[in-house]
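Engineer: Handing you this structure, nothing more for now.
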């Protein structure tokens, strides 16, 4: 292979690994058996099942990752301030329980 083809393959491999790491892609394994002539006979049903199963996991991971509520520091400070009395009461109760 030429140096430019080798470089291109390396770049593509790095991009594929990045996408898998970032939950943007899945890896689908070719599932096969060898026939009596040594040729690969692919198990399409098993590969399709693996694909859909992995896609469900990928979608679930992305839903968890991107649907978490994200609060700013100001919003967190506001929540703390607005719930300060409750937090102090819970802390006092915890301290009281620790003493008993």
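Engineer: Please note which helices (runs of 4 or more DSSP H) are completely contained in the chain and include at least 3 residues that are surrounded by fewer than 10 Cβ atoms within 10 Å (Cβ to Cβ) and modelled with pLDDT of 85 or more.
Structural biologist: Because the criterion is at least 3 residues that are surrounded by fewer than 10 Cβ atoms within 10 Å (Cβ to Cβ) and modelled with pLDDT of 85 or more, the helices (runs of 4 or more DSSP H) in the chain that meet it are 3-21.
Engineer: If you don't mind, another one. Evaluate segment 10-24: report whether one residue or more is touching a helix residue (DSSP H, G or I) at 6+ places or on another chain (Cβ under 8 Å) and in contact (Cβ under 8 Å) with a residue 12 or more places away in the chain.
Structural biologist: Within segment 10-24, one or more residues are touching a helix residue (DSSP H, G or I) at 6+ places or on another chain (Cβ under 8 Å) and in contact (Cβ under 8 Å) with a residue 12 or more places away in the chain.
Engineer: Any residue in segment 32-43 that's at positive phi: show its pairings with residues that are surrounded by 10 or more Cβ atoms within 10 Å (Cβ to Cβ) and at pLDDT 95 or above at Cβ separation under 8 Å, as long as the two are six or more apart or on different chains.
Structural biologist: Pairs found: none.
The values are calculated or read from the model by the stated rules, or taken from the named source; none is laboratory data. Because the structure is a prediction, the values reported are computed rather than measured. Using ideal geometry, Cβ is built from the backbone for each residue, glycine included, and neighbour counts are taken over all protein chains shown.
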